[in-house]
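Every number in this text was worked out from the coordinates using simple rules, so none of it is lab data. From a predicted model like this one, the values you see are computed outputs, not experimental measurements. Here Cβ is always computed from backbone atoms with ideal geometry, including for glycine, and neighbour counts include all displayed protein chains.
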Amino acid sequence: MTDPNDGNGNLVPGFLVAPPPLGDPNFDHTLVLMALHDENGALGFVVNRKSNIMLHTLLKELEIEPKTADRPVLVGGPVSNSTGFVLYEHDENKPLGEGVQVSPRLSLSPSKDILSAAARGELRGRFELLLGYAGWGPGQLHGEIQRGSWLYSDFDHALLFDVDLERRWDEAYLRLGFSPLAFQNVPGGARA
């Protein structure tokens, strides 16, 4: 298990789980998939918040004819929230194009070609479309974790596609072994 409190551990792949109440409306009750983390900072994507935009509406605006089921596009984060990223499953260590490989079978890509293939049902696995991302500068994320602004959870592929969107945050707590009700709001961050 990665120790996020040591200040040195790479948090990818993994999740940030927002403790209640986080106090930032952009991240309240969120589960964030970590995609990049190094000495230059960190990049993550909220994976449990719906936007007001439906997938078919967005695809039609991009002149992509959808053949997959319609569903809400996810809010990936507050940064560049008009930029889309496809979170998709693929064969082990065989991402389909440019982007970030998060785990052996999961990648993120801004590629319209990958989005088109996903919309036509041509991917071997499941996908989500996210708008925007969350970013942290060098050392910023470890400081937030040490202050109790985030809980870290090891990566679990099933949380992304096998758990309903509305249940992902609660399920992350169950997998950590405690309830979000166990938190108290104290100055400087949440504490169990």
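A few comments on the model shown:
- Mean separation of Cα pairs under 8 Å and 6 or more residues apart, divided by the residue count, gives the chain a relative contact order of 27 percent.
- Extension gain, LYS50 back to ARG167 (0.36 nm per residue minus Cα-Cα distance, nm): 40.9 nm
- SER80-ARG124 pseudo-label distance in nm [points 7 Å out on the Cα-to-Cβ vector]: 2.8
- The residues neighbouring GLY84, those whose beta-carbon lies less than 13 Å from its own, together hold a net charge of -2 under the Lys/Arg +1, Asp/Glu -1 convention.
- Efficiency of FRET between GLU89 and GLU61 - r from beta-carbon atoms, R0 35 angstrom, step 0.05: 0.90
- Per-residue HN-Hα couplings for the stretch 48-59 [Karplus 6.51, -1.76, 1.60; θ = phi - 60°; Hz; x = Gly/Pro]: 9, 10, 6, 8, 8, 9, 8, 4, 5, 4, 5, 4
- Simple spin-label estimate for ASP113 and THR68 gives 1.8 nm between the two label positions (7 Å along the Cα-to-Cβ direction from each Cα).
- Packing-based order for 95-101, 129-135, using average beta carbon neighbours within 10 Å, highest first: 129-135, 95-101
- Principal axis box of the chain, alpha-carbon based, largest edge first, Å: 50, 30, 28
- Selection from ILE53, SER111, GLY84, by position along the positive dipole direction of the chain (Cβ): ILE53
- The listed peptides 63-72, 166-175, 29-38, ordered by packing as a protection proxy, come out as 29-38, 166-175, 63-72 (highest mean of other Cβ atoms within 10 Å first).
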